[in-house]
Amino acid sequence: MYTLTIETAQDAYEVEALYDLCFAPGREALSSYRLRDDILPVAELNQVARDAEGILAGAIRYWPVHVGQADALILGPVAVHPTRQGEGLAAVLIRETLALATRLGWERVLLVGDAPYYARFGFTRLHAVVMPPPTNPERVLGRALVAGAWEGVTGPVTRWRSN
Ligand SMILES: CC(C)(COP(=O)(O)OP(=O)(O)OC[C@H]1O[C@@H](n2cnc3c(N)ncnc32)[C@H](O)[C@@H]1OP(=O)(O)O)[C@@H](O)C(=O)NCCC(=O)NCCS
């Protein structure tokens with residue numbers, strides 16, 4: 001019913017509009033956005049979901065970051081249009097892109113979000129990882145894509161330096 005494709009430049013305006021609809025005003029003032037400014041996203045992981053008519057129903061993006069000396073992905077934003085929520089579309093977007101990230105060789109993912117939602121995808125609290133303030137530490141969650149990948153990975157989340 002939905003087709004997932006890599007987000008293109010032609011999709012970007014619609015994706016931004018979807019995020020504006022789904023998130024509170026001022027979303028780009030969040031500290032997590034400072035980790036993304038002027039950094040190229042991981043193109044293959046930025047995916048859009050369109051219905052059979054081509055209408056945009058959901059979108060997900062990822063950026064690379066460093067945590068201490070380690071590389072990681074930051075997942076988000078992910079959003080599903082309010083008229084399409086509760087159909088499992090976000091779950092498909094998240095699971096498909098996490099699987100792709102693993103195939104691409106990424107080892108760990110973090111995000112800032114609601115633990116009760118992301119627990120179903122295996123995300124747990126990252127106690128030793130510090131997002132730029134102001135971020136509620138209880139919302140800093142991670143998932144290993146390779147067994148044990150978060151073990152010993154500690155410190156601040158910083159902007160990607162390798163591109
Ligand atoms: C969160 C969001 C992406 C989920 O999309 P979705 O396609 O409806 O998600 P799914 O259909 O896969 O899952 C829906 C389930 O998640 C639950 N859920 C949604 N948001 C939740 C939250 N913040 N905390 C706990 N559970 C949540 C729903 O109650 C529903 O539960 P059910 O399966 O028991 O009925 C969507 O609601 C959205 O775009 N919200 C606004 C933007 C946002 O908050 N994005 C996440 C940033 S952290």
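Here are a few things to note about the model shown:
- For the range 91-112, a tally of residues being in contact (Cβ under 8 Å) with a residue 12 or more places away in the chain, away from the ligand (no atom under 15 Å from the Cβ) and open to solvent by less than 50 Å² (accessible area, probe 1.4 Å) returns 4.
- Number of positions in the range 113-138 that are part of a loop (DSSP other than H, G, I, E, B), open to solvent by 30 Å² or more (accessible area, probe 1.4 Å) and of a type in the set (A, V, I, L, M, F, W, C): 1
- Only a single item in (1) in contact with a strand residue (DSSP E or B) (Cβ under 9 Å, 6 or more places away or on another chain); (2) of a type in the set (A, V, I, L, M); (3) more than 14 Å from the ligand (Cβ to nearest atom) is not met by VAL140, and it is number (3).
- Filter result for the condition that a residue is in contact with a helix residue (DSSP H, G or I) (Cβ under 7 Å, 6 or more places away or on another chain) and either assigned to a helix (DSSP H, G or I) or at pLDDT 95 or above (or both), over ALA52, ALA72, ALA57: ALA57
- Near pairs, Cβ below 6 angstrom, 6+ apart or cross-chain, from the range 74-90 (more than 27 Å from TRP106 (Cβ to Cβ)) to any residue that is more than 6 Å from the ligand (Cβ to nearest atom) and of a type outside the set (D, E, K, R): HIS81/ALA57; ARG84/ALA57
- Annotation: GLU151 fulfils all but one of (1) surrounded by fewer than 17 Cβ atoms within 10 Å (Cβ to Cβ); (2) more than 15 Å from the ligand (Cβ to nearest atom); (3) closer than 24 Å to THR8 by Cα; the unmet one is (3).
The values are calculated or read from the model by the stated rules, or taken from the named source; none is laboratory data. Just so it is clear, the structure is predicted and the values come from calculations on it, not from any experiment. Don't worry about glycine lacking a Cβ; one is built from the backbone with ideal geometry, like all the others, and counts go over all protein chains shown. Accessible surface areas use protein heavy atoms only, side chains included; no ligands, DNA or RNA. Shrake-Rupley method; radii C 1.70, N 1.55, O 1.52, S 1.80 Å.
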